[in-house]
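Sharing a structure below in structure tokens format, with a few things to ask.
The values are calculated or read from the model by the stated rules, or taken from the named source; none is laboratory data. Everything quoted here is computed from the prediction, not taken from an experiment. Because the Cβ atoms are built from the backbone with ideal geometry, glycine has one as well, and the counts that use them run over all protein chains shown. Surface accessibility is based on the protein's heavy atoms, side chains included, excluding ligands, DNA and RNA. Shrake-Rupley method; radii C 1.70, N 1.55, O 1.52, S 1.80 Å.
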Amino acid sequence: MQRIGVFICWCGSNIAATVDVERLAQLIKAEPGVVFSADYQYMCSENGQQLIKNAVKDYNLTGIVIGSCSPRMHEATFRKAAESVGLNPYMVEVANLREQCSWIHKDREEATKKALVLLRTAIAKVRLDAPLTAGESPVVKRALVIGGGIAGIQAALDIAEAGFPVDIVEKNPTIGGRMAQLDKTFPTLDCSACILTPKMVDCAQNENIDILSYSEVEDVKGFVGNFKVRIRRKARYVDETKCTGCKVCMEKCPSKKGLNEFNMNLNNRTAIYIPFAQAIPNVAVIDPTQCLKLKTGKCGVCQKFCGAGAIDYTMQDTFVEREYGAIVVATGFRPINVDAFNEYGYSDNKDVITSLELERLMNAAGPTNGVLLRPSDNTHPKVITFIQCVGSRDVSGCGKPYCSKICCMYTAKHAMLIREKYPDTEVHVFYIDVRTPGKNYDEFYRRAVEQYGVDYIKGMVGKVWNENGKLMVQGADLIENEQVVIPSDLVVLATAIEPEPSVRKIATLLTASIDTNNFLNESHPKLRPVESPTAGVYLAGVCQGPKDIPETVSQASACAAKVIGLLVKNHLKTNPCVARPDETACNGCSQCANVCAYGAITYVDKEFRIGGGKTETRRVAQVNPAVCQGCGACTVTCPSGAMDLSGFSTAQILSEVEAICRK
Amino acid sequence: MDKRETGEQILRISGTEIRKCMKCGKCSGRCPAYREMDIKPHQFVGYLIKGKTEKLLESEAIWHCLSCMACVERCPRGVAPQGVIEAVRTTVTRMQGKNGISAEDIPPIVDELIPQQLLVSAYRKYNK
């Protein structure tokens, strides 16, 4: 029989005003197993804790019930106090007399009755509590960052700065990501490449950072502190250690008709190429779908001219396996495909372009060397019409239900830059709302209107058609309550963004949960915004939700702080309140493994003695305590009742229910 | 005077920076004469930005505006819709080439109950 002490907190007047705490302390003495009870003004105070500690020693208590605020508030405080006098911390239960009783009731008599029930319930649980010990698992002091855009770069730099080795796995031939494609950045209009490329160089030069470009994560095993990751290094047909980035191969390559992905397919590139001038690593790559030598066996020009002897047409994909303590996912985004919106005529008119295409057309390193020329006839457009929310806030099925967040600001930026560079250009913007929360953001947008005279029209565009080379943009002007038609030379669609689709595979490998829009879920939308619900996995950038560069960098640094906090530990204490299967009752049905959101359950074949000197092999569930989060989903799913949760056993829950129902 | 020049004149007389307008409608939300106006206060600013001067000149609302300045007082962006209305009115009065009210007209119509402010306002409203 447990020797239980009950401690009732007044919480000043928070509990005592509504609940008769003194009477409660007397009444509860009658409960079987209770050998001591007391009430005190502030149980969480130094004196209150001392009262608990003394009682544990004086009355030889084996279990404690605290009637106080929510366990979220002070459970840890009371467990620590108990532990300091030699009581197992898992023998402490908190009955929530504040949030679940005094704060929500007015009638003192009724509230006191309810408080008594809540205390009895906790006592019923303590009676069946058993001491639990937290396990330990070692931590591999190395981090993996998946994705080499600005989010991945920032996270890697911060982790490396703290002295831990980091690997960046990037699927493209260079790091840099979407930010490398941008011309200018809002709200300061500094050149994107000028602020990004120094960070890329820092990554390359940092001894703690290993960039695995043109590589993809193939498989992930293990758990927080102990991930084992298999990485595919795609064959680039150029030896990274030999190539000097001299670009002679690009000059000589006869296959020049490949679409230049970096320039949003607006111009062509050679089959062997370096994506852009500041690429890191500055190493060529051969596109096997375009290379004549790889396709037909006839050519080999680049190999002939390569002074470094770096070209190797026989190169195959290779694999590396590494261990990591923590993983940062920073897989980024892409603009959605807008073909489904036939009202805007994107697929029919070359001069209807997306915003990212406009970025390349405005960029000095872009296909037009920074001169704004429309794609159809390379003339300078005199009337440019922007359409915002293309594919955003759209539940028709063609677009995305969410706001892409960055479009209002980049459209204001584009409009302003065009008016600055070409004052003879007329610029119109159709919008539903202009959303500019952020430091200096609304001022930025107002500058486009007030200083640069950009014409903002509240209303959506319903139709775009080509009339003798002019794009007729028909939309509503809801403020003037009329329909307008603007003959334009260039139409720019502020295209919605979506998570890079490869994130789905990564999420599956990491058992990281993902929402219906393919954004990775954070552990708590407000209080744990950079942690995935899967321990040891952290989220940075647009893979978690639409965000701009300043927010992405903030989140990446926050991720790094969390990763560093994990990697400085030599061992991780594991939560002992985890699932535990009863192997004799397990029928191997796999239902628990299917519902486990953390991938903590695996199945093994095990030999059991069945009497008469015979054995049989059965398939039974096994729980990895380092991965299990103690959510209990498996215990309620198990059809044979074989799965139980330490600290929250089925027997304990039922005895709590009984205590509540007792008259 | 062509349409563009008329627009420029209205803008000059109004003395307000119409581009600062963010089309929130607070001026029309406050206007006590709103129901009497064929063109609402926010539309005066909007039409001037868009160069729809003829609509402004045809409006009846310029005679209904009380010149109470509530729209100016309430505008979060420092725009003066009343300034635009008054500029249109002045422009129309000038185009008609005569004053709507003279000092001699006032004594016979004075009523003790008419606030002084209204007389001052009327004098400004109906004269070149």
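Kindly list, by first and then second residue, each pair from a residue in region A:556-575 that is at pLDDT 95 or above to a residue that is open to solvent by 60 Å² or more (accessible area, probe 1.4 Å) and in a loop (DSSP other than H, G, I, E, B), limited to pairs with Cβ atoms under 7 Å and residues at least 6 apart or on different chains.
From residues that are at pLDDT 95 or above, the pairs are A:567/A:141.
Quick check on this structure: which one of B:59, B:14, B:67 is away from every other protein chain (no Cβ under 13 Å), among the polar types (S, T, N, Q), within 19 Å of residue B:94 (Cβ to Cβ) and touching a residue at least 60 places away in the same chain (Cβ under 8 Å)?
B:14
May I ask you to verify whether residue A:529 is open to solvent by 30 Å² or more (accessible area, probe 1.4 Å) and in the same structural domain as residue A:170 (by TED's automatic domain parsing)?
Yes.
Are any of the residues in region A:157-166 under 24 Å from residue A:363 (Cα atoms), assigned to a strand (DSSP E or B) and modelled with pLDDT of 95 or more?
Checked region A:157-166: no residue is under 24 Å from residue A:363 (Cα atoms), assigned to a strand (DSSP E or B) and modelled with pLDDT of 95 or more.
Continuing with the same structure: Scan region A:490-499 for residues that are under 15 Å from residue A:353 (Cβ atoms) and open to solvent by 20 Å² or more (accessible area, probe 1.4 Å) and jot them down.
None - no residue of region A:490-499 is under 15 Å from residue A:353 (Cβ atoms) and open to solvent by 20 Å² or more (accessible area, probe 1.4 Å), so the list stays empty.
Next question. What residue, of A:395, A:473, A:454, A:461, is closer than 19 Å to residue B:19 by Cβ, hydrophobic (A, V, I, L, M, F, W, C) and either in contact (Cβ under 8 Å) with a residue 24 or more places away in the chain or more than 14 Å from every other protein chain (Cβ to nearest Cβ) (or both)?
A:454 is the lone residue from the list that is closer than 19 Å to residue B:19 by Cβ, hydrophobic (A, V, I, L, M, F, W, C) and either in contact (Cβ under 8 Å) with a residue 24 or more places away in the chain or more than 14 Å from every other protein chain (Cβ to nearest Cβ) (or both).
While we're looking at this one, here's another question. How many residues does region A:89-112 hold that are outside any loop (DSSP other than H, G, I, E, B) and either of a type in the set (Asp, Glu) or in contact with a strand residue (DSSP E or B) (Cβ under 7 Å, 6 or more places away or on another chain) (or both)?
Looking only at that region, the number is 7.
Let me ask you something else. Got a sec? Which helices (runs of 4 or more DSSP H) wholly within region B:50-128 have at least 1 residues that are assigned by TED's automatic domain parsing to the domain that holds residue B:25 and hydroxyl-bearing (Ser, Thr, Tyr)?
The helices (runs of 4 or more DSSP H) meeting that bar are B:53-58, B:81-96.
Across region A:580-624, what is the number of residues that are of a type outside the set (Ser, Thr, Tyr) and under 21 Å from residue A:537 (Cα atoms)?
10
For (1) outside any loop (DSSP other than H, G, I, E, B); (2) more than 14 Å from chain B (Cβ to nearest Cβ); (3) modelled with pLDDT of 95 or more, each residue gets a yes or a no:
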{"site": "A:486", "(1), (2), (3)": "yes, no, yes"}
{"site": "A:506", "(1), (2), (3)": "yes, yes, yes"}
{"site": "A:512", "(1), (2), (3)": "no, yes, no"}
{"site": "A:538", "(1), (2), (3)": "yes, yes, yes"}
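Residues that are more than 30 Å from residue A:569 (Cβ to Cβ), open to solvent by 40 Å² or more (accessible area, probe 1.4 Å) and in contact with a helix residue (DSSP H, G or I) (Cβ under 8 Å, 6 or more places away or on another chain), at least 1 per element: which helices (runs of 4 or more DSSP H) completely within region A:191-309 meet that?
A:248-252, A:292-296, A:301-305
Now for a different question. Looking at the structure I just gave you, is residue A:449 of a type in the set (Val, Ile, Thr), open to solvent by less than 40 Å² (accessible area, probe 1.4 Å) and more than 15 Å from residue A:355 (Cβ to Cβ)?
yes
Sort out which residues of region A:51-79 are surrounded by 13 or more Cβ atoms within 10 Å (Cβ to Cβ), within 43 Å of the chain's Cα centre (by Cα) and in a helix (DSSP H, G or I), and write them in order of number.
Passing the criteria: A:52, A:53, A:71, A:73, A:74, A:75, A:77, A:78, A:79.
Give me the pairs, please: first residue somewhere in region A:650-663 and in a loop (DSSP other than H, G, I, E, B), second residue anywhere and surrounded by 12 or more Cβ atoms within 10 Å (Cβ to Cβ), beta-carbon distance under 8 Å, and either six or more positions apart or on two chains.
If the second residue must be surrounded by 12 or more Cβ atoms within 10 Å (Cβ to Cβ), the pairs left are A:662/A:120.
The rows are residues; the columns are (1) over 18 Å from residue A:345 (Cα atoms); (2) open to solvent by 20 Å² or more (accessible area, probe 1.4 Å).
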{"site": "A:458", "(1), (2)": "yes, yes"}
{"site": "A:464", "(1), (2)": "no, no"}
{"site": "A:472", "(1), (2)": "no, yes"}
{"site": "A:475", "(1), (2)": "no, no"}
{"site": "A:483", "(1), (2)": "yes, yes"}
{"site": "A:501", "(1), (2)": "yes, yes"}
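Moving on to the next point. All but one of (1) open to solvent by 10 Å² or more (accessible area, probe 1.4 Å); (2) free of Cβ contacts under 8 Å to residues at least 60 places away in the same chain hold for residue A:487; which doesn't?
Only one criterion in (1) open to solvent by 10 Å² or more (accessible area, probe 1.4 Å); (2) free of Cβ contacts under 8 Å to residues at least 60 places away in the same chain is unmet by residue A:487, namely (2).
Right, here's the next one. From the list A:572, A:510, A:539, A:527, pick out the single residue that is touching a helix residue (DSSP H, G or I) at 6+ places or on another chain (Cβ under 9 Å), over 25 Å from residue A:199 (Cβ atoms) and aliphatic (A, V, I, L, M).
Result: A:572 is the single residue among A:572, A:510, A:539, A:527 that is touching a helix residue (DSSP H, G or I) at 6+ places or on another chain (Cβ under 9 Å), over 25 Å from residue A:199 (Cβ atoms) and aliphatic (A, V, I, L, M).
Now for a different question. Name the residue, out of A:522, A:498, A:480, that is more than 14 Å from chain B (Cβ to nearest Cβ) and at pLDDT below 95.
A:522
Restricting to region A:99-126, what's the tally of residues that are more than 19 Å from residue A:663 (Cβ to Cβ) and open to solvent by 30 Å² or more (accessible area, probe 1.4 Å)?
Looking only at that region, the number is 8.
Would you point out the residue of region A:411-446, among those that are open to solvent by 10 Å² or more (accessible area, probe 1.4 Å) and polar (S, T, N, Q), that is nearest to the other protein chains (Cβ to nearest Cβ)?
A:436
Please indicate, with yes or no, whether at least one residue in region B:26-36 is open to solvent by less than 50 Å² (accessible area, probe 1.4 Å) and more than 14 Å from chain A (Cβ to nearest Cβ).
Taking every residue of region B:26-36 in turn, at least one turns out to be open to solvent by less than 50 Å² (accessible area, probe 1.4 Å) and more than 14 Å from chain A (Cβ to nearest Cβ).
Could I ask something else about it? Among the residues of region A:144-172, what is the count of those that are buried (at least 24 other Cβ atoms within 10 Å of the Cβ) and not acidic (Asp, Glu)?
The qualifying residues number 17.
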